[in-house]
Structure formats: C-alpha cells, structure tokens
1. Arranged from highest to lowest average of other beta-carbon atoms within 10 Å per residue, in what order do the peptides 67-77, 37-47 appear?
2. Please give the helix 9-31 orientation as an angle from the longest Cα principal axis of the chain, in degrees from 0 to 90, rounded to the nearest 10.
3. Compute the acute angle (0 to 90°) between the alpha-carbon long axis of helix 40-59 and the principal axis of greatest extent of the alpha-carbon atoms of the chain; round to the nearest 10°.
4. Ranked highest first by the average count of other Cβ atoms within 10 Å around their residues, in what order do 109-120, 90-101 fall?
5. Kindly report the accessible area of the stretch 1-72 per residue (heavy atoms of protein chains, probe 1.4 Å, no ligands, DNA or RNA), in Å².
6. Compute the long axis of helix 101-122 from its Cα atoms, compare it with the longest principal axis of the Cα atoms of the chain, and write down the angle in degrees, 0 to 90, nearest 10.
7. Please list 3J(HN,Hα) in residue order for the stretch 60-75, calculated via the Karplus relation 6.51 cos²θ - 1.76 cosθ + 1.60 where θ = phi - 60°; whole Hz, with x for glycine and proline.
8. Expressed as a whole percentage, what fraction of the accessible surface of the chain belongs to carbon and sulfur atoms when a 1.4 Å probe is rolled over the protein heavy atoms?
Amino acid sequence: MKTKTTKNSLGVIGVILGMIALGVALVHSWVGPIGPKPSLEEVVAQKAEQLRDSVAAILNGEDPKVSRPVSVDRAVTIATVIAGFLAIVFAVVSFIRREDKRVCGSAALLGGAALVVQYLLFSPH
C-alpha cells in the first residue's frame, strides 16, 4: 500500500526558524543584557547633547536628526523578532500549501512563542 508523501519544505524551514528564534530569545533572557550598560551620567549627558543639537537644528530651519545607537542587545532583539515572524509566515504558507498540519502548527507555535518571550522580557514598559 502506497502512502501519500508530501513535501514539508516550507514548514520545516518555519520550524527551524522558530526554534532558532525561541532559543535566542530564551538565551538572551538568561544571559541578560549583552552590551555594556551606560551609567546614569552618560545617559543624561547623551540626552542633553541630543536635545541641544535638535534645538539648534530647529532654530536653523533644518530637520533635527534623531540617531538611535544600535546596541548588541537591540540587534539580537530585532533578529529574534524577524526570525519569529518569518517562522509564522512560513507556517501560514505551509498550511496554505496543505503541508502536514503538525509541521505548520509547530512552526507557528515556535515563532509565536519567540515573539511572546521577546515582548514580555524586553519590551519597554
């Protein structure tokens, strides 16, 4: 008796992305902030300098340039969110292509869990 085999390629890609995203989110939460934490004086001085530059630009009729430094922690957070979202996208496309529902569900669950962990632990409250 022959069994029907389907290719679960997109679902498997989603599962892999979801596992990576969830793993990175969990490790990042346990390791804590990776980059150096600036002191309060450094943060206040940096904000004062940005405010001064913004006011000077507005008074000169220019657009104030707001730069946000990219830290290692922010890059890890962005990469985790992107990987989790892509896992969900691959799960949906896999479901539409009628791939195995267990694979689709696993990809969606892993991607969603990564997004939830990242949101709960690292969102600004």
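1. Values: 67-77: 12.6, 37-47: 10.5.
Result, highest mean Cβ count within 10 Å first: 67-77, 37-47.
2. The two axes meet at around 40 degrees.
3. Computed tilt is about 80 degrees.
4. Details: 109-120: 19.4, 90-101: 17.8.
So the order, starting with the most tightly packed, is 109-120, 90-101.
5. Values: 6040 Å² over 72 residues.
Value for the stretch 1-72: 84 Å² per residue.
6. 20
7. Each residue of the stretch 60-75 in turn: 8, x, 9, 7, x, 8, 9, 9, 10, x, 8, 8, 4, 5, 5, 5 Hz.
8. Values: 6340 of 9340 Å².
Here it works out to 68 percent.
The values are calculated or read from the model by the stated rules, or taken from the named source; none is laboratory data. These numbers were taken from a predicted model, which means no experiment stands behind them. Every residue, glycine among them, receives a Cβ derived from its backbone with ideal geometry; neighbour counts consider all protein chains shown. Heavy atoms of the whole protein, side chains included, go into the accessibility calculation; ligands, DNA and RNA do not. Shrake-Rupley method; radii C 1.70, N 1.55, O 1.52, S 1.80 Å.
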